[in-house]
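Encoded as structure tokens, the structure appears first; notes follow it.
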Amino acid sequence: MLQKIYDWIDERVDVTPIWRDIADHEVPEHVNPAHHFSAFVYCFGGLTFFVVVIQILSGMFLTMYYVPDIENAWKSVYYLQTEVAHAQIVRGMHHWGASVVIVMLFLHTLRVFFQGAYKKPRELNWMVGVLIFFIMLGLGFTGYLLPWDNKAYFATQVGIEIAEQVPLIGPEIKTLLAGDENIVGAQTLTRFFAIHVFFLPAALFALLAVHFLLIRRQGIAGPL
Amino acid sequence: MSEKKQQVSRRQFLNYTLTGVGGFMAAGMLAPMLRMAVDPVLKPSAAGDFVNVGLAVEDITTEPQRVDWLVEQVDGWYESEVSRSAWVFKDENDNIKALSPICKHLGCVVSWEGSEDYPNEFFCPCHDGRYYKDGTNVPNTPPLEPLDEYEQKVENGMLFLGMAKPRGEA
Amino acid sequence: MHRGKGMKFVGDSRISAERKHNIPKDYSEYPGRTEAFWPNFLLKEWLVGSVFLVGFLSLTLAHPSPLEGVADPTDAAYVPLPDWYFLFLYELLKYDFASGPYTLMGIIVIPGLAFGALLLAPFLDNGPGRRPYQRPIAVGMMLLAVTSVIWLTYESAAHVDWETRAEQNKPIHPDEQVNIDTEDPGFAIYESNCLSCHGDDLSGGGAGPSLIGIDRSAEEIATIATDGVGSMPADQFTGSDEELDQLVEFIMSVNEE
């Protein structure tokens with residue numbers, strides 16, 4: 001039955017080459033933990049992507065309850081933590097995933113660095129990867145504010161004060177981030193929400209796509 | 001058709017035009033969006049809002065006294081009343097000084113002669129931070145900067161205070 | 001695949017009428033023990049992913065995500081701390097060479113150089129050798145950077161009493177908050193003696209713990225107010241014995257509710 005449906009679609013759309021193009025590539029021996037146990041260091045990149053998928057899914061579901069408004073943000077988080085079945089697990093996944101993804105990215109970066117895998121011709125992919133790292137830190141910074149608890153509020157206050165000390169354009173950066181000259185408040189929360197949920201993920205998807213395309217085009221760096 | 005004779009080939013012309021039209025579409029879409037995003041930066045500064053703190057000038061002595069007052073804080077669509085406080089006194093030149101009680105170390109609240117061991121000083125109970133009467137931090141105590149000073153003006157014999165600014169900016 | 005003249009299409013579309021065989025390539029003739037990504041290698045990756053997921057979910061279940069009390073901008077006694085992966089930057093700003101007049105060092109120069117070098121690493125370390133011992137400078141710098149980041153994070157985190165912090169900042173729903181009678185004569189005494197550390201709603205702050213829900217007798221509270229306890233210094237309370245009684249009564253009354 002499934003085969004029939006697949007054939008029916010394939011006859012009209014010719015999907016086989018599309019997914020074959022993703023599926024059909026060789027994986028060399030030196031990255032395969034089945035042959036060399038030490039090859040587990042190559043897993044960190046894949047695990048980072050796995051956590052990113054967890055973050056995206058858990059984040060999407062969290063917005064079903066979350067309200068980005070200073071009157072209700074904390075209450076909505078408190079409600080989903082205490083009243084909604086399994087919501088504590090979902091928020092826990094998002095919370096701990098944010099930390100784990102940084103750890104995995106860190107390990108992945110170190111692996112690539114110490115193997116010298118960023119050398120010609122893979123310079124561009126390294127830079128894309130570092131940009132992904134920055135985006136992740138940005139996601140962490142903006143996401144931290146959203147529950148609107150004391151920890152969130154005061155950490156953001158400090159972060160914005162640090163940005164203010166940048167010479168010449170410091171006050172402008174502060175206002176641009178906070179949405180107001182002096183107050184970290186209602187406008188800051190909506191701004192951070194938009195950045196956390198739309199702007200940075202969009203940038204992340206684009207960079208991830210480039211990252212993966214480059215890996216497929218250039219192949220995994222050879223063994224040392 | 002030889003392309004060398006022509007300054008701009010047909011293909012080049014089409015490419016330029018395509019870039020131009022694309023640029024127009026991008027600019028038309030993004031201009032209002034970007035203007036909206038940077039609006040807070042371009043809004044005129046709301047500073048200079050002085051509030052009557054309910055203290056007559058003749059009641060201000062050389063002994064610092066704590067005044068509390070409420071300000072209307074407008075944060076976009078969210079309006080709230082926030083309380084502010086200050087230590088107000090007259091210095092030796094008879095000038096009114098209004099110091100913010102927020103400790104410059106970690107933001108606790110300092111009080112005048114808050115400790116019996118240190119008379120004539122502002123004292124922060126959190127980490128024993130101390131300030132001289134004019135707000136200067138006592139060296140070798142945790143704070144690194146003098147207390148902030150409020151912008152002030154006097155109208156009809158009453159004291160009006162504005163925003164707290166670091167020393168030298170008020 | 002058939003190309004050029006004689007190609008057959010499905011209907012009037014551009015889809016070729018000839019089917020491609022749905023068989024993966026044979027990698028057995030490739031040099032080395034290469035295997036196909038789909039499905040052989042992906043299965044191994046997913047096995048690793050499953051183990052990882054079990055660990056991750058266990059972490060999630062064992063440590064529910066923390067939530068502190070609702071943000072209170074007037075809580076002047078709160079000591080802010082960023083998320084752990086920004087702690088190293090936060091700690092850096094405490095050093096003399098990166099604070100005060102040298103703040104620019106701490107917020108722009110040092111992080112800018114470090115992250116700039118990370119971004120441009122392939123161009124700074126552009127020799128042909130890939131092994132670590134063939135590029136001692138790059139590897140040395142990286143080791144130095146990693147050590148300092150770990151050290152700074154440790155330095156910053158080690159000085160924080162995480163349990164007390166969590167205890168002081170428990171989430172209390174606004175509707176469940178204790179009503180404090182600010183007309184009580186004891187509150188005025190509280191305000192002038194204790195408020196700057198224990199907060200205007202007795203819920204504690206950076207310097208002092210919450211006074212709500214404590215299990216102490218009136219005598220104990222009176223002793224603590226005058227003699228201090230733990231990190232609280234003595235002589236925080238200055239006033240007559242009568243005022244002390246009113247203060248203790250006030251604190252007890254808040255706890256009774």
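Each reported figure results from applying straightforward, stated rules to the coordinates on display, with no laboratory input. Model, not experiment: these values are computed from the prediction. Here Cβ is always computed from backbone atoms with ideal geometry, including for glycine, and neighbour counts include all displayed protein chains.
From the phi angles alone, apply the Karplus equation (6.51, -1.76, 1.60; θ = phi - 60°) to region A:50-67 and give each ³J(HN,Hα) in whole Hz, x where the residue is Gly or Pro.
The phi angles translate into 4, 5, 4, 4, 4, 4, 4, 5, 5, x, 4, 6, 4, 5, 5, 10, 6, 10 Hz.
Grab the eigenvalues of the alpha-carbon gyration tensor for the protein assembly as shown, scale each by 5, take roots, and send me the semi-axes largest first in whole angstrom. Write down the numbers at each step before the final one.
Details: eigenvalues 683, 179, 134 Å².
One finds semi-axes of 58, 30, 26 Å for the protein assembly as shown.
Semi-axes, largest first, in whole Å: what does sqrt of 5 times each Cα gyration tensor eigenvalue give for chain B?
Working: eigenvalues 679, 84, 39 Å².
In descending order, the three semi-axes are 58, 21, 14 Å.
Calculate the all-directions average of the projected area of region A:74-222's alpha-carbon convex hull, and give it in nm². Display every interim value, and only then the final one.
Details: hull surface 44.6 nm².
If you wrap the Cα atoms of region A:74-222 in a convex hull and average its projections, you get 11.1 nm².
Given that compact globular proteins tend to follow 2.2 N^0.38 Å, what is the ratio of the alpha-carbon Rg of region C:82-159 to that value? Don't skip to the end; give the middle numbers.
Details: Rg = 14.5 Å, N = 78, 2.2 N^0.38 = 11.5 Å.
Relative to the rule-of-thumb radius for its length, region C:82-159 sits at 1.26.
At 222 nm, what value in deg cm²/dmol follows for chain C if DSSP H runs of at least 4 each add -39500 (n - 2.57) and the sum is divided by all its residues, to the nearest 500?
Values: 10 runs with 110 residues, N = 257.
For chain C, the value works out to -13000 deg cm²/dmol.
Can you give me the span-like helices of chain C, meaning DSSP H runs with 20 Å or more of Cα extent along the axis and Kyte-Doolittle mean at or above -1.0?
On the way: long enough: C:42-62 (29 Å, 1.68); C:136-158 (32 Å, 1.45); C:241-256 (22 Å, -0.23).
Counting only whole DSSP H runs, the qualifying helices are C:42-62, C:136-158, C:241-256.
Using every Cα-Cα pair within region B:50-90, state what percent have a distance larger than 16 Å.
Details: 361 of 820 pairs.
Of the Cα pairs, 44 percent sit more than 16 Å apart.
Taking every Cα atom in chain C, find the radius of gyration and the maximum pairwise distance Dmax, and write them in Å.
For chain C, the Cα-based Rg and Dmax read 32.3, 108 Å.
Check which residues have an amide H placed less than 5 Å from A:Asp149's amide H, if you skip close sequence neighbours.
The answer is C:Ala71.
Calculate, in nm to one decimal, what A:Val41 and A:Val166 gain on full extension: separation in residues at 0.36 nm each, minus their alpha carbon distance.
Details: separation 125, 0.36 × 125 = 45.00 nm, distance 3.84 nm.
Length difference between fully extended and current span is 41.2 nm.
With every atom except the alpha carbons ignored, what do you get for Rg and Dmax of region A:1-50, in angstroms?
16.8, 46
Which loop-located GluC sites (Glu not before Pro) does region B:68-170 contain, where loop means any DSSP state but H, G, I, E or B and the Cβ has at most 16 other Cβ atoms within 10 Å?
Numbers: sites: B:Glu72, B:Glu79, B:Glu81, B:Glu92, B:Glu113, B:Glu116, B:Glu121, B:Glu149, B:Glu151, B:Glu155, B:Glu169; in loops: B:Glu92, B:Glu113, B:Glu116, B:Glu121, B:Glu169.
Here the sparse-neighbourhood loop sites are B:Glu92, B:Glu113, B:Glu116, B:Glu169.
How long are the three semi-axes of the equivalent ellipsoid for region B:84-170, computed from the Cα gyration tensor as the root of 5 times each eigenvalue, in whole Å, largest first? Present the calculation step by step, with values, prior to reporting the outcome.
Working: eigenvalues 102, 36, 25 Å².
That gives 23, 13, 11 Å for the three semi-axes.
Per residue, how big is the convex hull around the C-alpha atoms of region C:1-149? Give it to me in cubic angstrom, could you? The partial results should precede the final answer.
On the way: hull volume 55.9 nm³, N = 149.
Roughly 375 Å³ of hull volume per residue.
Could you tell me the calculated FRET efficiency between B:Leu70 and A:Leu57, based on Cβ-Cβ distance and R0 = 45 angstrom, to the nearest 0.05?
Details: r = 46 Å, r/R0 = 1.01.
According to the calculation, E is roughly 0.50.
Three principal axis extents, largest first, for the C-alpha atoms of region C:52-93, in Å?
For region C:52-93, the Cα extents along the three principal axes come out at 41, 28, 10 Å.
When the Karplus curve 6.51 cos²θ - 1.76 cosθ + 1.60 is applied with θ = phi - 60°, which whole-Hz ³J(HN,Hα) does each residue of region A:18-27 get, with x for Gly and Pro?
5, 7, 4, 4, 7, 7, 8, 8, 7, 10
Could you derive backbone 3J(HN,Hα) for region B:34-42 from the dihedral phi with the Karplus parameters 6.51, -1.76 and 1.60 (θ = phi - 60°), listing whole Hz in sequence and x where the residue is Gly or Pro?
These are the phi-based 3J(HN,Hα) values: 5, 4, 5, 5, 8, 3, x, 5, 8 Hz.
To the nearest whole number, what is the average tally of beta carbon atoms from other chains within 10 Å of the beta carbons of peptide A:20-33?
Counting other chains' Cβ atoms within 10 Å and averaging over A:20-33 gives 6.
Rounded to whole Å, give me the distance from the Cα center of region B:49-118 to that of region C:73-150.
40 Å
Provide a whole-number value for the mean count of partner chain Cβ atoms within 10 Å of the Cβ atoms in peptide C:137-148. Can you show the working numbers first?
Numbers: counts 0, 3, 3, 0, 0, 4, 2, 0, 0, 4, 0, 0.
Shielding by partners across C:137-148 averages 1.
Counting only other residues whose beta carbon sits under 14 Å from that of A:Gln165, what net charge do I get with K and R as +1, D and E as -1?
-3
Taking 24 Å as the cut-off for C-alpha to C-alpha distance, list the pairs among A:Lys120/C:Lys44; A:Lys174/B:Lys153; A:Lys174/B:Lys43; A:Lys174/B:Lys165; B:Lys43/C:Lys94; A:Lys4/C:Lys44 that go past it.
Numbers: A:Lys120/C:Lys44 29 Å; A:Lys174/B:Lys153 28 Å; A:Lys174/B:Lys43 14 Å; A:Lys174/B:Lys165 17 Å; B:Lys43/C:Lys94 34 Å; A:Lys4/C:Lys44 29 Å.
The answer is A:Lys120/C:Lys44; A:Lys174/B:Lys153; B:Lys43/C:Lys94; A:Lys4/C:Lys44.
Residues of A:152-165, mean number of Cβ from any other protein chain within 10 Å of their own Cβ, rounded to a whole number? Don't skip to the end; give the middle numbers.
Numbers: counts 6, 8, 12, 6, 3, 5, 6, 6, 0, 1, 8, 1, 1, 6.
Taking the mean over all residues of the peptide, I get 5.
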